[in-house]
There are 2 protein chains.
Amino acid sequence: MIYDLIIIGAGPAGLTASIYASRYKIKHVIVGEIPGGLISQAHNVCNFPTYKEISGFELMEKMKNHVEALGGQIMSMEKISQIKKDNVIFQLKTESGKTLESKTVLLATGTKYRKLNLADETRLLGRGVAYCATCDAMFFKDKIVAVVGGGNSAMTAALYLSEIVQKVYLIVRGDKLKGEMIWADNILVNKKIEVLFGTNVLKLNGENKLESIELDKEFAGNKTLVLDGFFIEIGTEADTTLADMLGVKLDRGYIVVDSRQKTNIDGLWSAGDITTGSGLFRQVITACSEGAVATYDIFSYLQKKKEGN
Amino acid sequence: MIYDLIIIGAGPAGLTASIYASRYKIKHVIVGEIPGGLISQAHNVCNFPTYKEISGFELMEKMKNHVEALGGQIMSMEKISQIKKDNVIFQLKTESGKTLESKTVLLATGTKYRKLNLADETRLLGRGVAYCATCDAMFFKDKIVAVVGGGNSAMTAALYLSEIVQKVYLIVRGDKLKGEMIWADNILVNKKIEVLFGTNVLKLNGENKLESIELDKEFAGNKTLVLDGFFIEIGTEADTTLADMLGVKLDRGYIVVDSRQKTNIDGLWSAGDITTGSGLFRQVITACSEGAVATYDIFSYLQKKKEGN
């Protein structure tokens, strides 16, 4: 069977694309490594219109239910490992060995956590080092942790951690917090959070688990900070492995799309955090919108192909 | 008092802009003629992610509640009648005579119903002639009505009317229905709906109220169709009166915006159905996204101005 559309990625962009695809009766499937995408790990989403406050998990559950109510199928926990275009048909292989074929493809694989690239970062991952406060905060109940970063991810991580741990050090490279002012204000009045501005982390110490970190600047008379947990919250970056296999045009690591989310490859669209769309503003609402816009254009494309036969 | 931002329009774009503005602590107000915008009159919204089925009214109530929970203020039932830019400040006047000043403006006034421009269309409006099935269907319980149009607005209007009236004629200029296939399929199997393809309406008849319409083609041996109600559902168009006062660049009647929703006028952004954004795909989800993208850029603009002082 040849699909009309394969959506790669099951986050806000991919799921919204499926909602529109179902309504346009486009024969499609979603292949998503993380059902719900990275946002499903967010502690709190406060800016998706109509929801004053909702967990990322619950928001994405609602979106998945919407997709499934319309008949959209999600192949979850599957990863596309190979993609090529053979004349007019895209041929895809999953890690588990499945083969899929489609007339069009929507790449909506989003982004992954950015690493600090310290010597022992990977070795100590899961042993005190973490990338997702929402996922791992509970392991550090009443403990001392640090968060690295100065943007929205770091601020919301610090605020969330402060509800659970004993003490949070927020380590910021620059001299101010960047992002939503409301978070910054909350950080500065929070008694459990101490902000260390103009500070970099040089080294992680610990044999079987993280014990302390080395700073490039003294704090309370010491460059060593004793810690139980260390959260790296310096944002995300796109994984463009599949895009590279097809020769997709990138700009600074993100997929270049036009106003209809079309890439430079005929039959290939892209939506969500992985693209240069929406003025580079990467939000749930912009990802959803890009998924809808892409699907509308895919519908027109398929219609024209049909008439051409 | 000079606002940081005045949002003109209280539909999905304007309300989402306010949600983001509140979180960025931008001092702003929304001035909206129709609270909730035109979508609040939609019978059924089925493609706003996370809601399988919701009335336009309920969806926009939720969005207004979200805005107000964050402290956003809506001046509803107010219309901006004048706008000019005096050096760096925008000066606005409302129809009721209020004066407002702001550093930036977001134009998000959406679209209004397109007219058929028949001789007696305005005279018979509210006397059998209507533009909004959701608003007026109940006046035609068990009666005979016609809907003009072949797109999504017309199809959803016909389907909704079929739940209430005795009989619906769907009058389509072309030879097929355009828009979401799911609506078209539902139309064609609906026993209360009869589709007249390749047909135009030439004239409305009736003294104090609509009595019949004249077609350019015979139907059941007659060019006159006896009716109680006549719904004009041929889409919408943008009202660019305010944009024209400022010399905003338009394309085919819509405001030209860049990828950050900026217009050609410094300090002026635009979002939602009134713009050329989102690849011309005009949906609730795309309007929301445009409102968010605009506000993010307005935030950066205001920050830079602040640093410049």
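The values are calculated or read from the model by the stated rules, or taken from the named source; none is laboratory data. Source: prediction; values computed, not measured. As a convention, Cβ positions derive from the backbone with ideal geometry for all residues, glycine included, and neighbour counts pool all protein chains shown. Just so you know, the surface numbers come from the protein's heavy atoms only, side chains and all, with ligands and any DNA or RNA stripped out. Shrake-Rupley method; radii C 1.70, N 1.55, O 1.52, S 1.80 Å.
Descriptive notes on the structure:
- Here A:Q166 and A:L188 are evaluated by their C-beta separation; at R0 = 22 Å the FRET efficiency comes out at 0.70.
- Cys residues of chain B counted as unpaired, since no other Cys beta-carbon is under 4.7 Å: B:C46, B:C288
- Of all accessible heavy-atom area on the protein assembly as shown, the percent that carbon and sulfur account for (1.4 Å): 48
- Antiparallel DSSP beta bridges within the protein assembly as shown, as percent of all bridges there, nearest 5: 45
- Rg/Rg_ref, the protein assembly as shown, where Rg_ref = 2.2 N^0.38 Å and atoms are Cα: 1.06
- Aspartates and glutamates whose Cα lies under 16 Å from that of B:K62, excluding same-chain neighbours fewer than 8 positions away: A:E53, B:E53
- Gap separating the Cα centres of region B:242-309 and region B:63-79, nearest whole Å: 20
- Under a 5 Å amide H cut-off, with hydrogens placed 1.01 Å from N, A:T236 pairs with A:R114 among residues at least 5 apart or on other chains.
- Counting only DSSP beta bridges whose two residues both lie in chain A, roughly 45 percent are antiparallel.
- Where GluC sites (Glu not before Pro) fall in DSSP loop in region A:64-97, at most 14 other Cβ within 10 Å: A:E95
- Radius of gyration over Kirkwood radius for region A:129-232, both on Cα atoms: the Rg/Rh ratio is 0.93.
- Dividing the Cα radius of gyration of chain B by 2.2 N^0.38 Å, with N the residue count, gives 1.10.
- For region A:16-151, the average shadow cast by the Cα convex hull is 11.7 nm², which is a quarter of the hull's surface.
- When chain A is turned onto chain B, its residue with the beta carbon nearest the axis, and that distance in whole angstrom, is A:S289, 2.
- Ascending list, in nanometres, of distances separating the B:E61 label from those of the other copies (7 Å, Cα toward Cβ): 2.4
- Average 1/r across all pairs of distinct alpha carbons in region A:247-309, invert it, and you get the Kirkwood radius: 12.0 Å.
- Of the cross-linked pairs A:K192/B:K27; A:K27/B:K176; A:K25/A:K304; A:K27/B:K112; B:K84/B:K115; A:K262/B:K262, those separated by over 24 Å at the C-alpha level are A:K192/B:K27; A:K27/B:K112; B:K84/B:K115.
- Other copies of B:G221: label-to-label distances in nm, shortest first, labels 7 Å along the beta-carbon direction: 10.8
- Beta bridges from DSSP with both residues in region A:129-232: antiparallel share about 35 percent, rounded to the nearest 5.
- Placing a label point 7 Å from Cα along the Cα-to-Cβ direction at B:L188 gives distances to the equivalent points in the other copies of 6.3 nm, listed shortest first.
- Cα-Cα separations in region B:212-264 greater than 17 Å, expressed as whole percent: 60
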